[in-house]
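This report concerns only the one structure given below.
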Amino acid sequence: MLQTIAYTQVFGLSLLAVLGILLLVSLLTTASIAVLKRSGKIKVPFTWHFWMARLTIMIALVHGILGLSPYLGL
């Protein structure tokens, strides 16, 4: 069942590929918030970094489960 969800087409790509792209963007955003905040270039509350980190972890878990589903028979 998860295999069919993982390979559902979204914008011409599989959902797994779209989640991978979102994961990369989320990870880079999380890292850039920390770097820019530390250098003093932006005035963003540091709690945004924690929320982005939580979002990144959630996307990574879904991406990982969907990516492994064909091999685990889920």
Read-out Rg/Rh (Cα atoms, Kirkwood Rh), derived from the coordinates shown; its label in [x] 0.92; [y] 1.14; [z] 1.31: [y]
Förster radius 30 Å - calculated FRET efficiency between TRP51 and VAL18 (Cβ-Cβ, nearest 0.05): 0.90
Crossing angle, helix 15-39 versus the chain [Cα axis fit, 0-90 degrees, rounded to tens]: 10 degrees
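Quickly estimate the mean residue ellipticity at 222 nm for the chain, helices only: each DSSP H run with n ≥ 4 gives -39500 (n - 2.57), and the total goes over all residues, rounded to 500. Write down the numbers at each step before the final one.
On the way: 3 runs with 56 residues, N = 74.
So the helix-based figure for the chain works out to -26000 deg cm²/dmol.
We did not get these values from a lab; they are worked out from the coordinates using the rules stated. Quick caveat, the model's predicted, so the values are computed rather than measured. FYI the Cβ positions are ideal-geometry reconstructions off the backbone, even for glycines, and counts take in every protein chain you see.
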